[in-house]
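Chemist: Here's a structure for you.
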Amino acid sequence: MSEGGTTIEYTPTWVVAVVCSVIVFISLVAERILHFFGKYLKKKNQKPLFEALQKIKEELMLLGFISLLLTVFQDRIAKICISEDLAHQWLPCKEKKEVTIEHFQTLFSSFLPNGNGRRLLAEPADSTAYCTTKGKVPLLSNTALHHLHIFIFVLAVVHVTFSALTIVFGSTKIHQWKNWEDYAKDMEDDPEGVVKTKITQVQEHDFIKGRFLGIGKNSEIQGWVYSFFKQFYGSVTKSDYITLRLGFIMTHCRGNPKFNFHNYMMRALEADFKKVVGISWYLWAFVAIFLLLNFVGWHTYFWIAFIPFILLLAVGTKLEHIITQLAQEVAERHMVVTGELVVQPSDNHFWFNRPRLVLRLIHIILFQNSFEMAFFAWIWVQYGFNSCMMGQVRFIIPRLVIGVFVQFVCSYSTLPLYAFVTQMGSSYKKAIFEEHIQEGLVGWARKARKKNKGSGFKRQSNESSQVGPKEESPLVFEMDKVNGKESSSSAV
């Protein structure tokens, strides 16, 4: 029998069977829940949300693989030795005299017999003796490794949960705009409006009166200040929605004036959700950098809370300012227009001419805010509220207030703004088509591209031929281009 605890060789078989059965049962229940939820989404034709669910499964599989690696290499990591001087540098907490290298023990150790603390199942009795005999200390103790394992799991769960809540609350806000969509359609169906030629005074239009602040440098500064505060109250008004909706339809769907812009916007948001819910490589790199810089005296856990806060304010201000710019362009060029006032969507209004960059920033905001909340919860449960890693109360309260503020504003303001304003780019998303039409067009586009490449090869081999290949519809290649862009962005 081992000094570190009873091995499987001397453990009652009924104990092993019961523990394994409980673990397998819980795993199967979780798997079945995800399976039936996926079937429900398929039944409701919610393919984007189903793909988001698949993304969550991928994250869970990644966590399982991380768990496996930590378990398999636990003993080997514990046998990597470093000098004591190196082990006492960049510590998260000030080391006390009576504290040994096992300073990562949890508060629960006091409840265990003999006060020796909890041992992990895979922790050998000589996990520290190997390095001690060499006058060194382990790179990472088994206890610290186990706590790190728990933190990674908590981080992923909190991020997925917060992302889902953000999408749910944001979608609820966007659904309130459905009445504006119905109102716009009723105006288009009005027989009196169809017969009469409408003359619109630009300066008297509700959209211009609400967004145009004049001409000059002072008005530009006022526009940015106005956009900053506008994101917190009435971020999108009825006149904003109707005007920008018409601008999108006249640019991308001129032949379909009754296009349902609201449904398209919801489909596009659902498709983007699968990108937001994942954890990309650069987000894991951020975690590693934070863990590196989180040593005593720097209060990194406090300053890092301002990153999502500042990014959130910047993104919200920019999205509001784009609406203001659209109003500015029309007001500066026209005094009177025939028909309805129409804005011109363009990628030039976005940072680096890339509307998709906004989604990347929202992804970073949600992850960093989730990271902050997960780190707080993990420290509280694992080490207690009075832990040195928790920090002083004067640092804790602002962190929590900022975290709640970021989650609320991102759900009810920034995300709906993103779903609405990013449609004002130069191109449309493939969500503009219904699901069955998307699949048909994408397949058609791929076949056309292959056929075009093949016919190009034939032309090179037979230059004397005067008959060119049959030209395909520009819509096919545009759809293929849109699909390629979205596929490449999701892979990053």
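The values are calculated or read from the model by the stated rules, or taken from the named source; none is laboratory data. This one's a predicted model, so the numbers in the text were calculated from it and none came from an experiment. Positions of Cβ are generated from backbone atoms using ideal geometry, with glycine treated the same way; all protein chains shown enter the neighbour counts. These area figures cover heavy atoms from the full protein model, side chains too; ligands, DNA and RNA do not enter into them. Shrake-Rupley method; radii C 1.70, N 1.55, O 1.52, S 1.80 Å.
Chemist: Collect residues whose amide H, placed 1.01 Å from N in the peptide plane, falls under 5 Å from the amide H of Cys93; neighbours closer than 5 in sequence don't count.
Modeler: Excluding prolines and chain starts, which carry no amide H, the hits are Val296.
Chemist: Here's a follow-up. Over all distinct Cα pairs, what is the inverse of the mean 1/r for the stretch 157-422, reported as the Kirkwood hydrodynamic radius in Å?
Modeler: On the way: mean 1/r = 0.0489 Å⁻¹.
Evaluated on the stretch 157-422, it is 20.5 Å.
Chemist: Right, here's the next one. Highest first, please rank the peptides 252-260, 278-286 by the mean number of other Cβ atoms sitting within 10 Å of their residues.
Modeler: The most tightly packed comes first, giving 278-286, 252-260.
Chemist: Ranked highest first by average number of other Cβ atoms within 10 Å, how do 235-248, 80-93 line up?
Modeler: 235-248, 80-93
Chemist: Can you flag which of Lys39/Lys447; Lys230/Lys318; Lys274/Lys450; Lys42/Lys238 are past 22 Å Cα-Cα?
Modeler: Lys39/Lys447; Lys274/Lys450; Lys42/Lys238
Chemist: Could I ask something else about it? In whole percent, what relative contact order does the stretch 255-372 give with Cα contacts below 8 Å and a gap of six or more residues?
Modeler: Reported as a whole number, the value is 39 percent.
Chemist: Something else about it: Sort 352-361, 287-296 by the packing proxy (mean of other Cβ within 10 Å over each peptide's residues), most packed first. Walk me through the numbers on the way to the answer.
Modeler: Working: 352-361: 16.4, 287-296: 13.6.
Ranked by mean Cβ neighbours within 10 Å, highest first: 352-361, 287-296.
Chemist: Between Trp281 and Val404, what's the calculated FRET efficiency when r is the beta-carbon distance and R0 is 30 Å? Round to 0.05.
Modeler: 0.60
Chemist: In addition: Please tell me the relative contact order of the stretch 157-422 in percent, rounded to the nearest whole number, where contacts are Cα pairs under 8 Å and at least six residues apart.
Modeler: 37
Chemist: Given a cut-off of 25 Å, name the pairs among Lys43/Lys430; Lys43/Lys258; Lys258/Lys451; Lys55/Lys430; Lys173/Lys275 whose C-alpha atoms lie farther apart than that in the structure shown.
Modeler: Lys43/Lys258; Lys258/Lys451
Chemist: Another one. Over the stretch 157-422, with every protein chain in place, what whole percent of the accessible area is carbon and sulfur at 1.4 Å, could you tell me?
Modeler: 65
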